[in-house]
Structure formats: C-alpha cells, structure tokens
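> First, the structure itself, so that you have it in front of you.
Read-outs throughout are calculated quantities, based only on the coordinates presented, and are distinct from any laboratory measurement. All figures in this text were calculated on a predicted structure; none of them were measured in a lab. Virtual Cβ from ideal backbone geometry, glycine too; neighbours counted across all protein chains shown.
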Amino acid sequence: MNKHIAGRHFELTEPIKNYIESAIESLEKYNLEIISVHCIISGDTKNGKKGFSVEFVVNLKDKQTVVITQRDKDVYAAIDLAVERMKKSLRRYSDKIKDHNNMSLKELESELEEAEEQLDYLSETDEDIVPMDLELHKPLDFDEAKAILKDDPKRQFIVFNDNEGRMRVMYKRADGKFGLY
C-alpha cells in the first residue's frame, strides 16, 4: 500500500505524520486490497476563523475510490473524524462485497444435499408433514376469485390481482355477501 501525506498552507510535523500513518494502517483490518492512500491536510481561514481540512483519498482494487473530506478547528479532531468516516465507508463496502459473493457449484451441491437430507428426515419422523412442490398459479381476476369462493365452502378468503396490478383480498361475509380489501 502506497501512502502519501501532504500539507497545503500547513507545516506537517512528525507527530502528525505518525498519527496519520497509524490511522491509515488501521484501515487494513477490512481485508480490502488498498492500493494507495493520499492524505492532504490544508490550513485555511473562513470568515476569520482558522480551521483545518483533512482529505483522504483511498484507491481500492477494481478501480474503486473512496474520498472523505472533513473540516474542524483542531487538526487531530479533523483527522479522527475523517478516519472514522473512512472506516464506516470501507466497512460498508466490505459488507457489500461479502453479501454479493457468488456461491460455487460445490457449495450449491452441498446445500442441495443438506436440504434433501432434511426432507428425508422430516418425511421419516413425522407422517403429518408431506413435502410438496409449489405450483405456479396464474393471477386471478375479480370474477374468477368470486366464482372460486362461491364454489368452495371451506375457503373463507382468496388473494388475487385486480386490473391495476394491486394485490386484493376477497372474503365471505356472515350475510352471504363478499367483502373486498
């Protein structure tokens, strides 16, 4: 990992450089391949108030770049805030990469075998549970849902799609009419 620390309108001292280098080394715990880190500290005055601006530019593999800029009255406070924001950003990126990893074919096969073993175990231990394949049903319209509810005395409600694509629920009322949500 390449590290570059620069100061604009600000003289960098050894303690500040060491502080920034230790902060940069703490970014390695996210196991991201960090190519380079550039830190630019600039001293400036706005509205008569002296302040410091710290900018971190972190280049990751796969052409990913994270840029964090923080401004504060104190140099160390600005560095701390910028590093915390950088850690949060890198943690989110790391979690995103972990969540989107594709499974290998061997992992898929092992999960399928585990699921089949569980189904076999369930069918052997409890005769009340019968594994079934899910059937795909075509969406119902209003008239079809009403006809199904009239014909089936056990069914109390049915879910269907209306003409506008919204999910609706039709149910039997106690007076023999039908209600619609």
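> Note down the net charge around residue 16, summing +1 for each Lys or Arg and -1 for each Asp or Glu among other residues with Cβ under 13 Å from its Cβ.
Charge balance near residue 16 sits at -4.
> First select every other residue whose beta carbon is under 11 angstrom from the beta carbon of residue 179; then total the charges, Lys and Arg +1, Asp and Glu -1.
+3
> Turning to a different aspect of this structure: Only sites in a loop by DSSP and with at most 12 other Cβ atoms within 10 Å count here; which trypsin sites (Lys or Arg not before Pro) in region 26-66 make the cut?
Values: sites: 29, 46, 49, 50, 61, 63; in loops: 61, 63.
Hits after loop and neighbour filter: 61, 63.
> Students often forget the sequence filter, so: which lysines lie under 27 Å Cα-Cα from residue 96 once same-chain residues fewer than 8 apart are removed?
Answer for residue 96, where 27 Å is the Cα cut-off: 3, 29, 61, 63, 87, 88, 106, listed by chain and number.
> Using all Cα-Cα distances in region 2-99, what percent lands in each 5 angstrom bin from 0 up to the longest?
All Cα pairs considered, the percentages come to 3, 13, 25, 25, 16, 10, 6, 3, 1, 0.
> Filter the GluC sites (Glu not before Pro) in region 1-60 down to the DSSP loop ones having no more than 12 other Cβ atoms within 10 Å, then list what survives.
Details: sites: 11, 21, 25, 28, 33, 55; in loops: 11, 33.
Here the sparse-neighbourhood loop sites are 11, 33.
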